[in-house]
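The structure is given below, and queries will be raised subsequently.
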Amino acid sequence: MPTALPLLAALTWSLLPLLWQLLTSLRTPEALVLQGPSAWLQGWTLANYRQVLQGDPPFWRYLFNSCLVGAASTGLTLLLAIPAAYGLQRQRPALRGGISLLLLAAAMFPYVLLFLALLELARALSWGNQLLALALPYAGLSLPLAVLLLRAAFADLPAELEDAARLEGLNLWQRLHRVLLPLLAPAIASTAILVFLFSWNEYPIALTWISRNDLLTLPVAMARIAGSSVYAVPYGAFAAATVLGGLPLLALVLVFQRQIVSGLTQGAVKG
Amino acid sequence: MTTAGLHCEQLSRRVGDRLLLDGLSLSVAPGESLALLGPSGCGKTTTLRLLAGLDPVSGGRIRLDGEDVTHSPAGERQVAMVFQSYALYPHLSVLANLELGLEVRRVPAPERRRRIAEVLALLQLEGLERRRPAQLSGGQRQRVALARALLRQPRLMLLDEPMSNLDAQLRDQLRPELRALLHRAGHPVIHVTHDQQEAMGLADRIAVLEGGVLQQVGTPQELYHRPANLFVARFLGRPGINLLAGEAGVQLAIRPEQLRLVESGGLPARLLRREWQGSQQLLWLDTSRGELLLLAAADLTPGEQLQVTWKPDDELRFSSASGERLA
Amino acid sequence: MAILLLLPALALVAGVFLWPLLRYGWLSLQASSVLTGLVPVPNGGANWQRLLADGRFWQDAAQTLRFAGLSLALELLLGLALALLLHRPLPRRGLVRAVVLLPWALPTTVMALGWRWILNDPFGPLNGLLQSLGLPAYGFLSQPATTWLFTVLADVWKTTPFVALLLLAGLQAIPSELEEALRLEGAGPWQRLRRLTLPLLAPYLLLAALFRLAQALGVFDLIQVLTGSGPASSTESLALYAYLNAMRFLDFGYAATLMLGMFAVVLGLSALVLLAQALRRRLAEMAP
C-alpha cells in the first residue's frame, strides 16, 4: 500500500480545521457570509485580532494567566513527583505494584466528577479567584501520571550507578542531584510538558474556581467568549481567539514533539 | 589473629524465607587477592554487596582493620568497588567521574587534582580526561572504574565480574595487568567471578561458593588437586572431571589429563567421538565404568578399540552420600 | 524511609481523588439545596430514589453511552490506522508527528469553538461545501436526531492522535524479526496484521480503550462549548447534568448523587471491558 495518500489524508484531517480558523480570523464579518469564488478577492482584515487583543481584559491576559497556572502546576507536580517516584521505585515489588495500579486508575479517572467537592474545598479555604491556588488541584490530578512516568524512568537507570555513588559517600540528596536527576532530564522534560499541557487545557475546575474576568485561564475565557453576546455573530473574532489561543500550543508541540511522544509512549510501555 | 585486613564471621543474608548466604567466614590479608567463585545464584554477588554495605546483613560480623563495620552505611566504610557494568556516570567526563567522590568527601581542590593526575598516570588514562564514558573502549572504561575505586583509598577493594564486559582476547591481555595493579595497592582485594580461568589468573586464593554456602577456600592448586567435595571437583577444571562407578558408598573421580592410553592391561574402551582442540585432543570413551573423557596429544590417531589406565594415586574418592572427599 | 518520599504526593492525590468521592458519599445522603438554605440536612436515601426515577438521568446516561461508544470505536479504528501509518518510515517524521499531534494538544474549548463555526448553518465551510454541490444547507447543530454525531466527530478529531501514539508505542515494541519471520512463511499484510500485530497490540488496545472510555464518559468541555447540551438536551451528558444541578439549581445533594451515579457507570463499564478481555483470553486459551 502506498504511504503518500494516507499520509496526505491524515495531515489534511489534522490541519484543515485549524487552517480554516486561520482563514476565518482574517476575514471581515461581511466576507464570511458571501458566497461564490469572487468572495475571496475582498474582505481581508486584521480587525478581528485588534478586537480580541483590545478587549477588556485584553486577550493576552488570558494567555498570561494560563502560563502562570501552567508553570506553577508543573513546578509543584515535579517537586512532589520526583521524590515520590524515587520512593516508589524503592518499595517492595508487591507494594510498588499495588500503588502503581491505584495511580494508574487515578490517571484514567474522569476527573470532571471531582469538581463539586473541590469547589467546596476552595470555598471553605477561600481559594476562589486565586490563580496560584489552582496549582494544587492541578498538581494532584497530574501526579498519578507524573509519578508513573518518572518511576519507569528511575527503573530504567542501572541500579549500579546509585550503588557506586553510595560507596563514594554521596547522600540521598547528592545522589539525586549529582547523578540520578541529570540522567533523568529527558523523562523529566517529557513529564513537565504533559503536566503543562494538562494545566493549560483544564476546564471544569478553572471554570468553577475563577469567576473574575481578568483572572480567567484561556479555556474558560474561550468558553465565555462562546457564550457571551458581547461579540455579536462574532465568528471572525472567535476564530482570531482560537488562533491566538492555539498558537502557544502550536509552538510547544513543534518544539517539544519528541518529548511529548516519548512521554506518552513511556506511559504506554509501563502501563 | 591479626586485625589488619578483612575478617568476616558467620555472615548471613536472608530475604523473606530465602537464605542467600549462610554463615560465611573468611579472612583476607592486606595485599592479598581472593576470588569468590561459583555458578550464578551461589551467593557471591550477595557477599560482595554485604561487604560493601549495599545490602543489610542478616547475621554475623564484618571487621575491617579491626573496626566492626557490620552495620555502617556504605558511604562510611571506605570500601571501593568496581562494578560489573563499571557504573561510570554517563553524563560526566572521565575527569568529573573521578572527581565527584573526592568533591563530596570535601578533599581540597589542589589535592584532588594531584591525586587524579597520579591515578591517571598509573592507569595510562592521560589524554582521555574530557571524554564521556560512551566514548571509551571497554578496556578504557574498566581502567576508569578502577581509577575511581583507587581514588577512594579503600580499606577493601571489591571487583564484581570485572572482565565479563570485555571480549576474550582483551581479557587475556588485561588479566596480568590487573593482577599487578591490585597487588601493588596493598589492600585486601575480593573479586567475584564465575570464570575459573579468571579466578586462577587474578587471585592468590579462591573461595568456592554454592547455594550460599562456602565449599572450600584455598590456593588454586589446592582446590584443583585436593577438592574438599564433589562440587568443587566438578566445578573446577576444563574439561570436567570424570566420575567413575566405584565400590558401594564411594564415588571415584579422575581428571581427563591423568588418564593414559596403553597397549594392554588397561580398562577396555571404545572410542565414541573426538574433538580436536589445536594443542591437544579430547576423546570420549565408552567403558564398563561409564563414559570417560581423555585428554590426548593432538597428533595421535586412535583406533576404535582402546585401553585406558591411570595411577591409583590420582584417583579422588568422595562419599556418595555427602559428597565430601574421603582421605 | 523511602515511603516518606512518597507520602506528600500520595496525600495530595488522595485529597484530590479520594476526598471528593467520600464527600459525595456523605452529601448524597443529605438534602443540601436552596430549599435547605444550602445547609446539609440528612434525608435518608431520598436523593438515590430520585435518581432511580429521574428520566433525565437515564436519558443522559443513554446519550453519554452512545457518544462514548461511537467515539471509542472510531478512535480505536482510526487510531490504529494512524499508528500503522506513523510506524512506517516517513519523510520529516518529527514534523509529521507534531502536526498529527496538534489537535490533541489544543484546549478542547478552543477547538469546540472552531467546530461550531465549521458546522455553522448556513455560513460554515461544511455547508458551503454542500451548497456548492447544489445541496441544501444542513443544520448540523440544530437537528436533535443527528447533532450528537457531530459531537462525536469533534471528539474523534481531537483524541485520535492520542490513541494513535499509544498504539504506536505498542507497534514499536514488537521486534521486527517477528514480522519478517511471518513474511518468510508467506503471510500477506492483512494476515500479518491479524495474526501477529493485533494480538501483540492487545494490551495497548485495552489500555487505550479503558483510558478513552473513562474520559469519553466524562465528556464535558466539548459539549458545553459546541452545543451547550442542545438541541433540546439531545447532547446533554451526565457530567453536564450534574454540573447543571450543582451550579445552576444549587442542589448539591442531588449533584453529588449524580456524580456517584456517573462514577458507578464508569466503574461498571470499565469492569465490563476488563471482564470481556479476560473472557476473550480464557476462550483463546481453551481453543484447541
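In the range C:85-98, how many are open to solvent by 60 Å² or more (accessible area, probe 1.4 Å) and either hydrophobic (A, V, I, L, M, F, W, C) or at positive phi (or both)?
Number satisfying all stated conditions: 2.
Let me ask you something else. Inside the range B:210-239, can you point out the residues that are closer than 15 Å to B:Ser27 by Cα and open to solvent by less than 40 Å² (accessible area, probe 1.4 Å)?
Those that are closer than 15 Å to B:Ser27 by Cα and open to solvent by less than 40 Å² (accessible area, probe 1.4 Å): B:Gln216, B:Gly218.
Within the range B:68-95, which residues are without any contact (Cβ under 8 Å) to a residue 60 or more places away in the chain and within 21 Å of A:Ala159 (Cβ to Cβ)? Break it down stepwise before answering.
Taking the range B:68-95 first, the residues without any contact (Cβ under 8 Å) to a residue 60 or more places away in the chain are B:68-76, B:87, B:89-95.
Scanning the range B:68-95 gives B:Ser72, B:Pro73, B:Ala74, B:Gly75, B:Glu76, B:Ala87, B:Tyr89, B:Pro90, B:His91, B:Leu92.
Condition first: touching a residue at least 60 places away in the same chain (Cβ under 8 Å) and either outside any helix (DSSP H, G or I) or more than 7 Å from chain A (Cβ to nearest Cβ) (or both). Now tell me which residues in the range C:82-98 satisfy that.
Those that are touching a residue at least 60 places away in the same chain (Cβ under 8 Å) and either outside any helix (DSSP H, G or I) or more than 7 Å from chain A (Cβ to nearest Cβ) (or both): C:Ala83, C:Leu84, C:Leu86, C:His87.
Among the candidates B:Gln169, B:Gln173, single out the residue that is assigned to a helix (DSSP H, G or I), closer than 27 Å to A:Ala164 by Cα and outside the structural domain of B:Asp314 (by TED's automatic domain parsing).
The match here is B:Gln173.
Right, next: Checking the structure you have, find out if any residue of the range B:23-36 is more than 28 Å from B:Leu181 (Cα to Cα) and in a strand (DSSP E or B). Let's see the steps before the verdict.
Within the range B:23-36, the first condition is being more than 28 Å from B:Leu181 (Cα to Cα), and the residues that meet it are B:23.
Still in the list and also in a strand (DSSP E or B): B:23.
There is at least one residue in the range B:23-36 that is more than 28 Å from B:Leu181 (Cα to Cα) and in a strand (DSSP E or B).
Give C:Ala31, C:Ala68, C:Ala53, C:Ala11 a once-over and let me know the one that is of a type in the set (A, V, I, L, M, F, W, C), farther than 24 Å from C:Gln224 by Cα and buried (at least 18 other Cβ atoms within 10 Å of the Cβ). So that I can check it myself, show each step before the final result.
Numbers: C:Ala68 fails: farther than 24 Å from C:Gln224 by Cα; C:Ala53 fails: buried (at least 18 other Cβ atoms within 10 Å of the Cβ); C:Ala11 fails: buried (at least 18 other Cβ atoms within 10 Å of the Cβ).
Selected residue: C:Ala31, the only one of C:Ala31, C:Ala68, C:Ala53, C:Ala11 that is of a type in the set (A, V, I, L, M, F, W, C), farther than 24 Å from C:Gln224 by Cα and buried (at least 18 other Cβ atoms within 10 Å of the Cβ).
Something else about it: Looking at A:Leu121, A:Leu183, can you tell me which residue is at the interface with another protein chain (Cβ under 8 Å from one of its Cβ atoms), in a helix (DSSP H, G or I), in contact with a His (Cβ under 9 Å, 6 or more places away or on another chain) and not acidic (Asp, Glu)?
Selected residue: A:Leu183, the only one of A:Leu121, A:Leu183 that is at the interface with another protein chain (Cβ under 8 Å from one of its Cβ atoms), in a helix (DSSP H, G or I), in contact with a His (Cβ under 9 Å, 6 or more places away or on another chain) and not acidic (Asp, Glu).
List pairs: first in the range B:112-128 and within 12 Å of B:Ala147 (Cα to Cα), second among the charged types (D, E, K, R) and in a helix (DSSP H, G or I), Cβ under 6 Å, 6+ apart or cross-chain?
From residues that are within 12 Å of B:Ala147 (Cα to Cα), the pairs are B:Leu123/B:Arg143; B:Leu125/B:Arg143.
May I ask you to list the residues in the range C:34-50 that are under 22 Å from C:Val266 (Cα atoms) and open to solvent by 50 Å² or more (accessible area, probe 1.4 Å)?
Result: C:Trp48, C:Gln49, C:Arg50.
Are there any pairs, at least 6 apart or on different chains, whose C-beta atoms fall under 7 Å, with the first in the range C:162-180 and of a type in the set (Ser, Thr, Tyr) and the second open to solvent by 70 Å² or more (accessible area, probe 1.4 Å), and if so, which?
Pairs found: none.
Which residue out of B:Arg274, B:Arg270, B:Arg260 is crowded, with 16+ Cβ neighbours inside 10 Å and charged (D, E, K, R)? Before the answer, list the steps.
Working: B:Arg270 fails: crowded, with 16+ Cβ neighbours inside 10 Å; B:Arg260 fails: crowded, with 16+ Cβ neighbours inside 10 Å.
Matching residue, one of B:Arg274, B:Arg270, B:Arg260: B:Arg274.
Please tell me if A:Leu148 is more than 8 Å from every other protein chain (Cβ to nearest Cβ), touching a residue at least 12 places away in the same chain (Cβ under 8 Å) and either open to solvent by less than 40 Å² (accessible area, probe 1.4 Å) or over 16 Å from A:Leu207 (Cβ atoms) (or both).
Yes: the conditions hold for A:Leu148.
From the list C:Gly25, C:Gly79, which one is under 22 Å from the mean Cα position of the chain (by Cα), within 14 Å of chain A (Cβ to nearest Cβ) and in a helix (DSSP H, G or I)?
C:Gly79
Go through C:Leu165, C:Leu222, C:Leu213, C:Leu184 for me and flag whichever is surrounded by 21 or more Cβ atoms within 10 Å (Cβ to Cβ) and at pLDDT below 90. Before you say what the answer is, go through the steps one by one.
Working: C:Leu222 fails: at pLDDT below 90; C:Leu213 fails: at pLDDT below 90; C:Leu184 fails: surrounded by 21 or more Cβ atoms within 10 Å (Cβ to Cβ).
Testing whether each residue is surrounded by 21 or more Cβ atoms within 10 Å (Cβ to Cβ) and at pLDDT below 90 leaves just C:Leu165.
Could I ask something else about it? So how many residues does the range B:10-35 have that are within 20 Å of B:Glu210 (Cβ to Cβ), among the acidic types (Asp, Glu) and under 20 Å from the mean Cα position of the chain (by Cα)?
Number satisfying all stated conditions: 1.
Cβ contacts < 6 Å: first residue open to solvent by less than 50 Å² (accessible area, probe 1.4 Å), restricted to the range A:10-21; second residue among the polar types (S, T, N, Q), any location; separation 6+ or different chain. Result?
Listed by first residue and then by second, the contacts come to A:Gln21/A:Thr242.
Listed here are the residues, each with its yes/no results for (1) more than 26 Å from B:Leu202 (Cα to Cα); (2) of a type outside the set (Ser, Thr, Tyr); (3) part of a helix (DSSP H, G or I).
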position: B:Thr45; (1), (2), (3): no, no, yes
position: B:Leu48; (1), (2), (3): no, yes, yes
position: B:Leu51; (1), (2), (3): no, yes, yes
position: B:Ala87; (1), (2), (3): no, yes, no
position: B:Leu98; (1), (2), (3): no, yes, yes
position: B:Glu103; (1), (2), (3): yes, yes, yes
position: B:Gly127; (1), (2), (3): yes, yes, no
position: B:Leu159; (1), (2), (3): no, yes, no
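The values are calculated or read from the model by the stated rules, or taken from the named source; none is laboratory data. Just so it is clear, the structure is predicted and the values come from calculations on it, not from any experiment. Cβ sites come from the backbone with ideal geometry, for glycine too, and all protein chains shown count toward neighbours. We work out accessible area using only protein heavy atoms, side chains counted, and drop any ligands, DNA or RNA first. Shrake-Rupley method; radii C 1.70, N 1.55, O 1.52, S 1.80 Å.
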